[in-house]
Structure formats: C-alpha cells, structure tokens
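What follows is a short report on a single structure.
The values are calculated or read from the model by the stated rules, or taken from the named source; none is laboratory data. Values in this document were obtained by computation on a predicted structure and should not be read as measured data. Ideal geometry is used to build each Cβ from the backbone, glycine not excepted, and the neighbour counts take in all protein chains shown.
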Amino acid sequence: MLTDCFINGERIASDSGAEFSVRDPATDQEIANVPLLTKHQVESAITAASEAWPAWRSMTAAERGELIRALSSLMKRDAERLALLMTREQGKPLAEARGEIAYATAFLDWSAEEGKRIYGETIPASSPDKRILVLRQPVGVTAIITPWNFPSAMITRKLGPALACGCTTVIKPAEDTPLSALAIGALAAEAGIPPGVVNIVTGEPEMIGDVFTTDDRVRKLSFTGSTEVGRILMRKASNNLLRLSMELGGHAPFIVFEDADLDRAVASAMGSKFRNGGQTCICANRFYVHDSVHDEFVARFSRAMSELRVGIGTEAGVDVGPLINDAAVEKVEQHVQDAASHGATIATGGSRLRLNGHADRFFAPTLIDGMTGEMLCRREETFGPVAPIARFSTEDEAIALANDTEYGLAAYFFTRDASRLMRVAEALEYGIVGANDAVPSTAQAPFGGMKHSGFGREGGKYAMDEYLETKFVSWVL
Ligand code: NAP
C-alpha cells in the first residue's frame, strides 16, 4: 500500500517526519500513516505543477488523451485492489467500491475524448480588414480538494477534464480517505503522465487551503465538500480572484405523486437513500408522499429497509457499511432523536447497531414518519441511512416544500403524468433533477448545484468550461 505523497513524479514523505493515521471506519484499526506535509512541501507541489504546465499544455489533445486513457486502463487493471483499499478506508460495501472505480474511470475516458473537441470560433467582424478569433486555452495550475465519500470518483471528475484541457494539478484528498488518492498518483506516473502534471499532497487542511488560495501560480480551485468549508475557501480565494468550482452539500427532496409507479418509487428510494449508507451529496434526504399513497409507500419502503444487511463492507451480502467517523454517527443520532422529540414516529430502525468486535459506527436503516418543518432532518443534510417522510396533498405544495431550502443540488420525483413531469422538472430549483430516476449521475451529463450547493459543473462538455479561459483575438489584416 502506498503511503507517500506524490510531487514532481517522486514519492515524498513529510520533511518534518510528521504523519497522521488512516483508520478503517468499521474497526477503528489503523491501516496506514500518511505524511503531514510542511507548507514548503505543498508550495513545492505548486512549483512542480507550474513548471510542468508549458510542456503539458503544448501537447496535442490526442497525446494528452492517450495518457489520460492509460491512467484509466491502469485503474481498471487494478480495480479489485483499488476497490478493496477504498472499502477499508471509507467503509462502503465492496460492490459499491467496485462500482465507484468504474464510475471514476468513465470520467477519465470521457474527458480524454472530449479534450479533442475544445473548439474555438471565428466571428464576423465589423470592418472588412478585421478578423475576430475566439481561442479556448487552459486555465493553468489547478488545485483540487476532495471529500471522503467518493475517494476516487471525486478526484477523476476533476482530474479528467483538467488534464484534458491542458491544466496541471495539485490534489488534496480528505484526511479520512487519502489512500485511494495516493494510489491514483502512483498510477498516473505508471501511465506515463509527465512528472509535475499530477501531484498529490496530504496534510493539515487549513494550511493547504491557505497555500492553494494565496499562491499566485494557482489559477483555479475546484472544491467538493461541505457548504461551510466552501464558503471559507471562497472568502480566502477572493484576494487572488481565483477561478472556482464549488460542488457543495445537498438536501435532496424525493417526491412521490399519487400517480407514481410505486414499485419503481420504492426501489428508487432504496437505491438513492442507502447507497454509501446515505453519505452521498445527491442522496434523497427528505421524502414527500401524496396523501393517497402515503401509507402504502411507507409500508413498502419500511419492509424493504428491514431487509437490508448492515455490516462491514468487505463481507459478502452487506448492503450498508459503517458511517465514516464518530461525528457522523452522532449527527445521525441527533437528527433521529430530534425528530422523535418533535413528535415523529420512528417506523423502522432509529438507533446504532452494535456489531461485536467492530467500531460503534453502524446505524440501522431508519424511517421517520411525520417529518415537520422544525425538525433538523427537514432543514439539514443528515448524511446517513435515515429517511424522513412527510405528506402533501397538491402539486404546488410538493414543489414549495421541495424548494424550501438553501440547497439546490439534486431533487427527485415520481409520476406517470407527462405534463406534470415537465412542469415539476422546470419548477424545481435544483441543478440535477431525476424524473422517475434516482441514479442520474453519469460521465456525459452536467453535475452540479444551484443556491448554497455551489456552482460549476462536472461531467460532459460542461466540465471543460471550468478549466478553460476564453480569449478574444482582434486581428487587423
Ligand atoms: P468537508 O469537511 O467540507 O471536507 C472536504 C474537503 O475539504 C476535505 O479534503 C477536507 O480536508 C477539506 N477541508 C476541510 N476544511 C478545510 C479548510 N479550512 N481549508 C481547506 N480545505 C479544507 O466535507 P466532507 O465532510 O469531506 O464531505 C461531505 C460533504 O461534501 C457533504 O456536505 C456532501 O454533500 C459534500 N459533497 C458534495 C458533492 C457534490 O458534488 N456537490 C459530492 C460529494 C460530497 P480534511 O478531510 O483533511 O479535513
């Protein structure tokens, strides 16, 4: 297992010798120690990216594409090793970790091709001796900060388009899950990506954030994580007027109309809510079910939940793993207790599941019926296996409830009425809308939020815009 950082093609330990430990969330056992880099070392990663940039941007898109695809191929070759590593540091069931490696490589493959289609433009000029050219050029050194919930995919969603556009990168993964990132760094070198183009740094987050936002050589920061940290970074980035992409928290509503296909709605609710134990930014976080189908939906959803197997991610047949750390379990517990104290019914689950010999981080899939406006689960991202449900009676009411939040990442609704489908899709104030679909994310589509869920898009041709400058050349013949 690789535990070194990666700067300028070299494996790097901390100059100070300081390290932090990475622990398996299921057992709390230490898996590895990784470097707490010094400020000087983080700056040296920016130097490496800065010096590698002229040669990287000068390569043809096809040449860069080949190297990006080579990285993807190596990740596919090592998929089983990478998946196991991810399950150990993050906790998700092995089948989901395998799925994440496939999803992560799809972004590399797609970007490798799309880099060949970064077109400029000519615009008819206002006088016969003039020409107007529009060039698209790489932004430059790109800093990347990622969260722990998708340790590989959150990196490749940024790395793929950044590299394809001709940018070089310095990546800081989350301290809970740095090992997947370090493994990707080593594979990037094996793929033949030149030294300095992909650098991976680990260490104290505030210090790294400070360096990323104050070093003039960094031209772009792409961040995925909480809204709270996104705000801090935005404030810090203002001095340098740093280009930003902000993929922040979500609080997704899931609406079931009276004409929904209930089988599909329940299966989709299960898929959306319990993937990664409910620790995904787009997972359904609150459910609104029409009065006329409420009881039936609750009964079916509750039955399906009780069949889920909670356990350690490496065991066959496990559907829900541990939560990432103690703070995450405490937050989930607080949301459930708060709902109960405000009069909600805990129809299924409601407490930790204590598994012999394992850490106390497993939470029973939980259905809260009777969610109301004052409850924490109604207002905040729970990030756990908890499904709070409220009733509604009209389409307008459902839309108003869904939009009544500062977040705007993903929203879902289920209906068989085509007119309603378009009406509701247009009315929801969210960057991603799943209409009869609870797994919308895919490499070719634009992923990102509105309102306090941030700005910028990952995936598809839209991701390229995040890493390109638009230059206007006015030419007199
Ligand atoms: P987080 O606490 O905001 O951390 C995200 C990253 O920021 C980590 O690498 C973290 O480092 C780093 N960080 C923390 N404080 C920092 C600071 N002051 N300066 C610079 N970097 C700092 O979020 P998380 O708990 O890892 O992830 C969960 C959140 O991410 C949820 O809100 C979820 O909705 C959101 N998310 C959004 C998307 C999306 O696409 N919109 C996707 C996935 C997740 P350390 O780990 O070292 O503290």
Q | region 150-168, subset small (Gly, Ala, Ser) and in a helix (DSSP H, G or I), residue farthest from the ligand (Cβ to nearest atom) | A | 164
Q: Tell me, yes or no, whether region 198-205 has at least one residue that is farther than 20 Å from residue 402 by Cα and surrounded by fewer than 18 Cβ atoms within 10 Å (Cβ to Cβ).
A: yes
(Q) Can you say whether residue 272 is within 14 Å of the ligand (Cβ to nearest atom), small (Gly, Ala, Ser), part of a strand (DSSP E or B) and in contact with a strand residue (DSSP E or B) (Cβ under 6 Å, 6 or more places away or on another chain), as far as the supplied structure shows? (A) no
(Q) Please determine whether any residue of region 104-125 is within 17 Å of the chain's Cα centre (by Cα), among the acidic types (Asp, Glu) and either buried (at least 16 other Cβ atoms within 10 Å of the Cβ) or at positive phi (or both). (A) no
Q: Kindly list the number of the only condition in (1) in a loop (DSSP other than H, G, I, E, B); (2) under 25 Å from residue 274 (Cβ atoms) that fails for residue 337.
A: (1)
Q.
Can you tell me which residue is farthest from residue 144 (Cα to Cα) among those in region 235-247 that are surrounded by 13 or more Cβ atoms within 10 Å (Cβ to Cβ) and away from the ligand (no atom under 11 Å from the Cβ)?
A. 240
Q. Considering region 442-453 alone, what residues qualify as being buried (at least 17 other Cβ atoms within 10 Å of the Cβ) and either within 21 Å of residue 464 (Cα to Cα) or of a type in the set (A, V, I, L, M) (or both)?
A. 443, 447, 448, 449, 453
**Q.** Filter pass, residue 182 being buried (at least 20 other Cβ atoms within 10 Å of the Cβ) and free of Cβ contacts under 8 Å to residues at least 40 places away in the same chain
**A.** no
Q. Condition test on residue 159, is it over 18 Å from the mean Cα position of the chain (by Cα) and at pLDDT 95 or above?
A. no
Q: Report, by residue number, each residue of region 341-372 that is free of Cβ contacts under 8 Å to residues at least 12 places away in the same chain and either in contact with a helix residue (DSSP H, G or I) (Cβ under 8 Å, 6 or more places away or on another chain) or part of a helix (DSSP H, G or I) (or both).
A: 341
Q.
For a quick check of your reading: which helices (runs of 4 or more DSSP H) sit entirely within region 392-477 and have at least 2 residues that are touching a helix residue (DSSP H, G or I) at 6+ places or on another chain (Cβ under 8 Å) and within 15 Å of the ligand (Cβ to nearest atom)?
A. 460-465
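Let's see how each residue does on (1) assigned to a helix (DSSP H, G or I); (2) more than 16 Å from the ligand (Cβ to nearest atom); (3) within 21 Å of residue 245 (Cβ to Cβ); (4) not charged (D, E, K, R):
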{"residue": "134", "(1), (2), (3), (4)": "no, yes, no, yes"}
{"residue": "148", "(1), (2), (3), (4)": "no, no, yes, yes"}
{"residue": "170", "(1), (2), (3), (4)": "no, no, yes, yes"}
{"residue": "180", "(1), (2), (3), (4)": "yes, no, yes, yes"}
{"residue": "187", "(1), (2), (3), (4)": "yes, yes, no, yes"}
{"residue": "211", "(1), (2), (3), (4)": "yes, no, yes, yes"}
{"residue": "216", "(1), (2), (3), (4)": "no, yes, yes, no"}
